[in-house]
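Each remark here refers to the structure printed beneath this line.
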Amino acid sequence: MGRHGRPVRRLISKATLEQPARDLWLSLQTVKSHVASILLKLGARDRTQAVIAAYESGFILPGAHEKRSAGQ
């Protein structure tokens with residue numbers, strides 16, 4: 001997923017796109033563009049399907065986010 005990796009990882013735990021935009025120092029429109037590109041590439045209709053695809057492909061490992069968040 002290349003440059004989309006950081007936004008995808010943040011989508012897992014964020015209910016809105018505003019927080020990942022702030023976290024990444026990106027405009028909301030840029031994050032929306034990344035999400036649209038990810039959805040198109042994965043053939044997913046929404047963010048939930050994209051996250052499921054990321055888990056199923058091994059791009060994101062179950063529990064990895066929680067471990068990283070606990071250490072911050």
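Work out how much length residue 56 to residue 23 would gain on full extension: take 0.36 nm times their residue separation and subtract the Cα-Cα distance, in nm to one decimal.
Contour length minus the Cα-Cα distance gives 9.3 nm.
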3J(HN,Hα) from dihedral phi, the range 47-59, Karplus parametrisation 6.51/-1.76/1.60, rounded to Hz, x for glycine, proline:
4, 4, 5, 5, 5, 4, 4, 5, 5, 5, 7, x, 4
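FYI, it's all coordinate maths here, none of it is from the lab. Only a predicted model underlies this, so the values are computations on that prediction, with no experimental measurement involved.
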